[in-house]
Amino acid sequence: MEEFLSSCHAAVKANADASGQEFHVVLGNEACDLDSMVSTIAYAYFLSKTGGGETLSVPLLNIRQADLVLRPDNVFLLSQAGLSPDLLFFRDQLDLGALRRAGRLLLTLVDHNILPSSDSDLEGAVVEVIDHHLLEREPRPSCPVTVEMVGSCATLVTERLIQKAPEILDRQLAELLYATILTDCVNMAPAAGKVTPKDSQYAAALEARFPSMPPRGALFKALHSAKFDVSGLNTEQMLLKDMKSLSGSFSLAVSVLYLPLEVFLQRAELEAELSQFCHKFGFELLVMMSISFTEGNEPIRELALFSHSTPHREQVSQYLEQTGNPALDLCPISSPHARITAYHQGNALASRKKLLPLVKDFLRAREDEESLVPPTPTNSLVDGCPLDHGLPAISERALEEKFSKMADRGGS
Ligand SMILES: [Mn+2]
């Protein structure tokens with residue numbers, strides 16, 4: 001595998017100019033979870049071993065290189081399998097649009113079956129699809145589609161490998177696939193409703209071929225805790241890991257934090273970091289929803305609000321305390337920071353999916369209210385302030401660009 005990936009890097013470099021060879025890129029989905037990452041690597045490897053050699057197979061992770069650290073379970077599995085992340089290819093390292101325009105791109109989609117609209121120019125290059133999501137693409141004779149509702153796309157890739165080229169399956173590749181199937185199928189537990197007979201069949205086939213594979217339970221547990229291990233992330237990375245932004249009369253972000261709130265609140269310089277974060281991304285307020293688990297695996301949810309503006313913080317707090325649809329059942333907990341209001345959330349079932357519409361309602365109600373308030377009289381002490389109408393609304397696109405600039409800075 002290392003040999004394939006290193007030679008791939010050399011070949012990509014050598015063929016970067018317009019006249020070079022054809023690229024057959026295997027691309028996972030934009031979430032780049034374990035399944036997308038491993039299916040991409042494994043299938044590109046399969047293509048490189050079974051193809052004619054005139055096209056270059058490249059496994060392309062559909063995230064920026066700087067964002068891999070936001071997926072600690074991926075990082076963990078790579079290290080477990082002894083594969084350096086430096087050998088992988090990321091979306092910001094290869095210009096697919098340019099390859100497509102030069103007529104040098106073949107694209108295989110794994111773990112998704114339609115391209116997002118931002119990649120619609122690449123559609124004509126798609127030559128194959130292997131996926132386990134609901135089929136959303138129009139069939140084309142030139143593009144074979146394998147879509148089966150199994151627990152993991154890695155199961156379908158494993159099937160292909162075992163049926164077509166069992167000799168290329170080594171222990172390292174098997175471990176990547178096996179760990180992914182286990183994770184997606186929730187340790188093959190039927191109660192979780194993910195595993196199908198085909199997943200079990202190929203997990204067992206991998207175990208049979210490599211009896212020294214780590215035991216199921218232990219591997220699953222290790223990956224599960226890695227997913228929630230945010231100890232390696234700084235505050236900004238933690239907030240960005242799972243964030244949704246909203247804007248109305250002001251802009252705010254709702255981030256999910258995967259650790260107990262009291263641990264987060266103990267971070268040194270937290271207020272300064274949150275303040276910097278808001279400044280950098282143009283947010284007026286941060287809503288942080290933490291999720292952690294009791295010994296018995298019951299979820300604990302807590303909520304924290306940060307804003308430089310006391311009125312903003314108080315208004316949102318009050319709204320969330322009083323809301324009844326659903327009631328969050330908030331109970332204040334002490335916070336060592338003056339600008340952070342913290343709560344235990346009694347309603348542990350109210351996830352961010354439930355919280356977001358509440359925050360949206362708040363912003364909408366506030367906008368309606370603002371439109372009723374008469375304008376500030378012109379004889380007030382200040383004639384006007386650029387922030388009278390709140391911060392400029394931040395679009396998803398603008399945010400995306402900021403992230404991309406950040407990633408560029410981080411990568412250089
Ligand atoms: Mn998947």
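The values are calculated or read from the model by the stated rules, or taken from the named source; none is laboratory data. Model, not experiment: these values are computed from the prediction. Note: ideal-geometry Cβ built from the backbone for every residue, glycine included; neighbour counts use all protein chains shown.
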Please specify each residue of the range 162-184 satisfying the condition of being in contact with a Phe, Trp or Tyr (Cβ under 9 Å, 6 or more places away or on another chain), at pLDDT 95 or above and over 19 Å from residue 212 (Cβ atoms). 164, 165
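Looking only at the range 149-176, filter to residues that are in contact with a Leu (Cβ under 6 Å, 6 or more places away or on another chain) and within 16 Å of the ligand (Cβ to nearest atom); which one of those is nearest to residue 80 (Cα to Cα)?
Step one: filter the range 149-176 for residues in contact with a Leu (Cβ under 6 Å, 6 or more places away or on another chain), giving 154, 158, 161, 169, 174.
Then drop every residue that is not within 16 Å of the ligand (Cβ to nearest atom), which leaves 154, 158.
On the way: 154: 17, 158: 19 Å.
Per the stated criteria, the residue is 154.
Kindly indicate which of 212, 247 is assigned by TED's automatic domain parsing to the domain that holds residue 311, touching a residue at least 24 places away in the same chain (Cβ under 8 Å) and polar (S, T, N, Q).
Working: 212 fails: assigned by TED's automatic domain parsing to the domain that holds residue 311.
None of the other options fit; the residue is 247.
Can you pull out every residue in the range 292-318 that is farther than 20 Å from residue 366 by Cα and of a type in the set (Ser, Thr, Tyr)?
Our first condition is that a residue be farther than 20 Å from residue 366 by Cα; within the range 292-318, this holds for 292-304.
Selection gives 292, 294.
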Which residue, of 159, 136, is closer than 29 Å to residue 96 by Cα and part of a loop (DSSP other than H, G, I, E, B)? 136
Would you confirm, using the coordinates I've provided, whether residue 64 is more than 25 Å from residue 159 (Cα to Cα), within 16 Å of the ligand (Cβ to nearest atom) and of a type outside the set (S, T, N, Q)? no
In the range 185-194, what count of residues is obtained for those that are within 13 Å of the ligand (Cβ to nearest atom) and within 19 Å of residue 210 (Cβ to Cβ)? 1
Limited to the range 217-258, what total is found for residues that are within 16 Å of residue 182 (Cβ to Cβ), surrounded by 15 or more Cβ atoms within 10 Å (Cβ to Cβ) and either among the small types (Gly, Ala, Ser) or modelled with pLDDT of 90 or more (or both)? 5
If we scan the range 175-197, do we find a residue that is surrounded by fewer than 23 Cβ atoms within 10 Å (Cβ to Cβ), without any contact (Cβ under 8 Å) to a residue 40 or more places away in the chain and under 15 Å from residue 132 (Cα atoms)? yes
Of the residues that make up the range 102-115, is at least one within 21 Å of the chain's Cα centre (by Cα), away from the ligand (no atom under 14 Å from the Cβ) and outside any loop (DSSP other than H, G, I, E, B)? yes
Does residue 73 qualify as being acidic (Asp, Glu), more than 16 Å from the ligand (Cβ to nearest atom) and either outside any loop (DSSP other than H, G, I, E, B) or not assigned by TED's automatic domain parsing to the domain that holds residue 6 (or both)? no
Helices (runs of 4 or more DSSP H) (entirely within the range 226-311) containing at least 1 residues that are among the hydroxyl-bearing types (Ser, Thr, Tyr): 235-241, 270-281
Screening 152, 142 for residues that are more than 22 Å from residue 194 (Cα to Cα) and hydroxyl-bearing (Ser, Thr, Tyr) leaves only 142
On the given criteria, is residue 296 among the small types (Gly, Ala, Ser) and either at pLDDT below 90 or not assigned by TED's automatic domain parsing to the domain that holds residue 264 (or both)? yes
Output the residues belonging to the range 1-53 that are within 16 Å of the ligand (Cβ to nearest atom) and aromatic (Phe, Trp, Tyr). 43
So which residues in the range 159-198 are within 22 Å of the chain's Cα centre (by Cα) and not aliphatic (A, V, I, L, M), if there are any at all? 178, 180, 183, 184, 185, 187, 194
By residue number, the members of the range 127-146 that are out of contact with any helix residue (DSSP H, G or I) (no Cβ under 7 Å at 6 or more places or on another chain), at pLDDT 95 or above and within 14 Å of the ligand (Cβ to nearest atom) are 129
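Please specify each residue of the range 319-331 satisfying the condition of being closer than 16 Å to residue 363 by Cα and surrounded by 12 or more Cβ atoms within 10 Å (Cβ to Cβ).
Filtering the range 319-331 for residues closer than 16 Å to residue 363 by Cα gives 319-323, 325.
Hits for the range 319-331 are 319, 320, 321, 323.
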